[in-house]
Amino acid sequence: VKMTEAKRAKTDLSGLKVNSTKLTGDASKGREDPEWLRRTGSRSQLYAAGFKEDDFSKPVITVASPYMSIHMCNQKFRELADISGSALESLGMKAFVSHQPVISDGQTMGTLGMRYSLPSRDQIADCIETMHAGYSADAMLTLAGCDKTNAGVLMPIFRANAVGITLYGGTGRSGDHNGQKLSPGTPFEGLGKFSKGLIDIEELTALECKSCPGVGTCAGMFTANTMSTCIEALGMALPGTSCTPAALEDNQTINPKVIAACRASASALLNLMQNKITSRQIATKKAFENAITVMMALGGSTNGILHLLALAREAEVDLDIEEFNTIGDRVPLIGNLSPSGKYNVMDLDAIGGLPMVMKALLEAGLLHGDCLTVTGKTVAENLADVSVPSSDQDVVFPVAKPLAPPSRHIRILKGSLCPGGAVIKLSGKDIPIYRGPARCFDDEAEAYTAIMAGKLKAGDCLVIRYQGPAGGPGMPEMLSPGSALVGAGLGSTVPLITDGRFSGASHGIMIGHVVPEAHRGGPLALVQDGDIISYDLASLQLNLELDESTLTQRQAAWVPRMPPAGPRTWLGRYSKHVDDASNGAIVH
């Protein structure tokens, strides 16, 4: 009887086959139906791939998995994709598993490869769209790991207004050296210390070998964990899945909790299909406000701004960069998390993960509780039985007694140096004003060499330009020079201003995403050594202190630079079609 009921349940799922009949034909209409006959050749090749006769009555699910064999964040994704596919098939669906490209920011930092990282977000989205639309699938289950993959695997779900769910592969565990918690940002800062003689080569080598102990994303509240928590807050991932360690303590064996999340996500996807809940019913304006609130509360990465703007565009939600200030004005910093705090994200998971953070924010009136989520329930319903963080820990501070008050994390600046906007990350630091002379570099490597050689001094303003979405191209991260500044003891006295972006591991006085970028003739291209640059956080201004006539003369003499990418390359094409950072660096 149980077998008969199970078989009937699976057969009943044929009603969920809303798109894939275009690929297979509609078995319910009989073998002489004209459309069924027309798909004979297609089914023949599906038989060759392992289909059985009853598979043609099952809904088809796109399982998308950005995978790279030597990428610590996504190294286990082949296995996770197969686990997810098996879970879907056990429920009576047919999984179409495909893998997409993924670039490691950390591994390619400071190389040409880093310029492919942000563009890979849009390439991942396009690849998933290709597989999903190309095979007329009925829903999507996508796996997210390394930072840009979080946005990249969700963008096509919103783009198609598909029924879909995203699953995080898990965070990495903390490294350890002499009792000090380490993260992937540690060896970069170690280089700066080494350059100043603060540590020796043996100590630097120890940091190199111990900072990344195994699989999983960067351990701190860097971009990957910023986006995983934002996506859970957005409602597109199951509650409690955004902070789970990817592996057990051996740092290689997949965490059973992640395997359980694969299976739970498959069941949740089936529920969404049965209830006809599409992604844009979840990804509303209020849902994006919830995601931004969580990003501000936990001290998330500036890359979250790029990715949330891009996701909102795909969901057709009107989200302006200024709204990050509006929300930041009311949300305090409560997460004591790396890179500015002392804990990593696995420590947040150990005390209850994101749900208890969201419960505290909800009780403080900072979240919209009526937003729908992939559970089929609202945020408030999901959190009904969740407790707020206990008072005997300091991973998450109370909203009423935060680490830092509102307006002290990520701020959007405007001014004569950045008429279209720029982003500064404070992470609780109180550095309200700055004024000092520019030291300009048109190349990241040259700037890094100057820092390591001790050529910058306290009070200087380090400018690294021609690193924007079009000019980089690809908007590379400035983790190497930024970390070198911090390691050299200049992190609190030398601002780094760039039209590029920063790793989530970056801290110090980091001002990025300058718009217009230098490549497109923005004021940043006109700065010369010794020019005075100033910012004022009270007025949210970033200014180049030059008179209009001098700027006009320099603009007339300015000669555009060609980006280091051939016109027929992917980067060359990206450079031509990418929007500015204040619009999420989306591709038109």
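Quick test for you: out of Ser69, Ser28, Ser42, Ser86, pick the one residue that is part of a helix (DSSP H, G or I) and modelled with pLDDT under 95.
Only one candidate qualifies: Ser28.
List the pairs whose first member sits in segment 188-211 and is within 19 Å of Pro481 (Cα to Cα) and free of Cβ contacts under 8 Å to residues at least 40 places away in the same chain, whose second member is in a loop (DSSP other than H, G, I, E, B) and open to solvent by 60 Å² or more (accessible area, probe 1.4 Å), and whose Cβ atoms are under 7 Å apart, counting only residues at least 6 apart or on separate chains?
none
Just to be sure, is Gly169 touching a Lys or Arg at 6+ places or on another chain (Cβ under 9 Å), over 20 Å from Gly299 (Cα atoms), surrounded by fewer than 19 Cβ atoms within 10 Å (Cβ to Cβ) and small (Gly, Ala, Ser)?
No.
What residue, among those in segment 96-113 that are within 25 Å of Phe222 (Cβ to Cβ) and part of a strand (DSSP E or B), is farthest from the chain's Cα centre (by Cα)?
His99
Could you tell me which of the residues Ile259, Ile321, Ile277 is in contact with a strand residue (DSSP E or B) (Cβ under 6 Å, 6 or more places away or on another chain), β-branched (Val, Ile, Thr) and open to solvent by 10 Å² or more (accessible area, probe 1.4 Å)?
After applying the criteria, what remains is Ile321.
Going by the structure shown, is Ala287 open to solvent by less than 10 Å² (accessible area, probe 1.4 Å), within 23 Å of Ser506 (Cα to Cα) and in contact (Cβ under 8 Å) with a residue 60 or more places away in the chain?
Taking the combined requirement at face value, the residue does not satisfy it.
Would you mention how many residues in segment 507-524 are open to solvent by less than 10 Å² (accessible area, probe 1.4 Å) and over 25 Å from the mean Cα position of the chain (by Cα)?
The total comes to 2.
Pick out, from segment 392-473, the strands (runs of 3 or more DSSP E) lying fully within it that include 2 or more residues that are open to solvent by 10 Å² or more (accessible area, probe 1.4 Å) and within 30 Å of Thr293 (Cβ to Cβ).
433-441
Output the residues belonging to segment 525-555 that are within 22 Å of Ser407 (Cβ to Cβ) and either open to solvent by 60 Å² or more (accessible area, probe 1.4 Å) or free of Cβ contacts under 8 Å to residues at least 12 places away in the same chain (or both).
The answer is Ala538, Ser539, Gln541.
Those residues that are open to solvent by less than 30 Å² (accessible area, probe 1.4 Å) and within 13 Å of Arg330 (Cβ to Cβ), I need them from segment 355-365; list them, please.
Once the filter is applied, which keeps residues that are open to solvent by less than 30 Å² (accessible area, probe 1.4 Å) and within 13 Å of Arg330 (Cβ to Cβ), segment 355-365 yields only Leu361.
Give just the number: which of (1) touching a Ser or Thr at 6+ places or on another chain (Cβ under 7 Å); (2) within 19 Å of Ala233 (Cα to Cα); (3) charged (D, E, K, R) does Lys425 not satisfy?
Exception for Lys425: condition (2).
Test of understanding: among Gly85, Gly106, Gly110, which residue is more than 22 Å from Gly134 (Cα to Cα), of a type in the set (Gly, Ala, Ser) and surrounded by 19 or more Cβ atoms within 10 Å (Cβ to Cβ)?
Gly106
Looking at segment 370-390, which of its residues are in a loop (DSSP other than H, G, I, E, B) and open to solvent by 20 Å² or more (accessible area, probe 1.4 Å)?
Answer for segment 370-390, where residues must be in a loop (DSSP other than H, G, I, E, B) and open to solvent by 20 Å² or more (accessible area, probe 1.4 Å): Asp370, Thr375, Gly376, Lys377, Ala384, Asp385, Val386, Ser387, Val388, Pro389, Ser390.
Does segment 224-232 contain at least one residue that is surrounded by fewer than 21 Cβ atoms within 10 Å (Cβ to Cβ) and under 30 Å from Ala297 (Cα atoms)?
No, segment 224-232 has no match at all.
Among (1) of a type outside the set (Asp, Glu); (2) in contact (Cβ under 8 Å) with a residue 60 or more places away in the chain; (3) part of a helix (DSSP H, G or I), where does Ser242 come up short?
Condition not satisfied by Ser242: (3).
Select from segment 181-210 the residues that are in a helix (DSSP H, G or I) and charged (D, E, K, R) and write down the one among them that is least open to solvent (accessible area, probe 1.4 Å).
The qualifying residue least open to solvent (accessible area, probe 1.4 Å) is Glu189.
Are any residues in segment 114-131 over 14 Å from the mean Cα position of the chain (by Cα) and open to solvent by less than 20 Å² (accessible area, probe 1.4 Å), and if so, which ones?
Met114, Ile128
Which of the residues that make up segment 221-249 are modelled with pLDDT under 95 and over 22 Å from the mean Cα position of the chain (by Cα)?
Glu249
Just the residues that are surrounded by fewer than 17 Cβ atoms within 10 Å (Cβ to Cβ) and closer than 30 Å to Gly172 by Cβ, please, taken from segment 264-274.
Matches in segment 264-274: Ser267 only.
Looking at segment 49-70, can you tell me whether even one residue there is without any contact (Cβ under 8 Å) to a residue 40 or more places away in the chain and touching a His at 6+ places or on another chain (Cβ under 7 Å)?
Yes, some residue in segment 49-70 is without any contact (Cβ under 8 Å) to a residue 40 or more places away in the chain and touching a His at 6+ places or on another chain (Cβ under 7 Å).
Restricting to segment 231-264, name every residue that is over 18 Å from Asn74 (Cα atoms) and of a type outside the set (D, E, K, R).
Ala233, Leu234, Gly235, Met236, Leu238, Pro239, Gly240, Ala264
Can you name the residue in segment 479-498 that is within 23 Å of Ser117 (Cβ to Cβ) and open to solvent by 10 Å² or more (accessible area, probe 1.4 Å) and, of all such residues, is nearest to the chain's Cα centre (by Cα)?
The extreme case among them is Ser480.
Of all residues in segment 334-354, which are open to solvent by less than 10 Å² (accessible area, probe 1.4 Å) and of a type in the set (A, V, I, L, M)?
Correct list: Ile334, Leu337, Val345, Leu348, Leu354.
The values are calculated or read from the model by the stated rules, or taken from the named source; none is laboratory data. These numbers were taken from a predicted model, which means no experiment stands behind them. Note that we place each Cβ from the backbone using ideal geometry, even for glycine, and neighbour counts take in every protein chain shown. The protein model used for the area step is the full one, side chains on, heavy atoms only, and it has no ligands, DNA or RNA in it. Shrake-Rupley method; radii C 1.70, N 1.55, O 1.52, S 1.80 Å.
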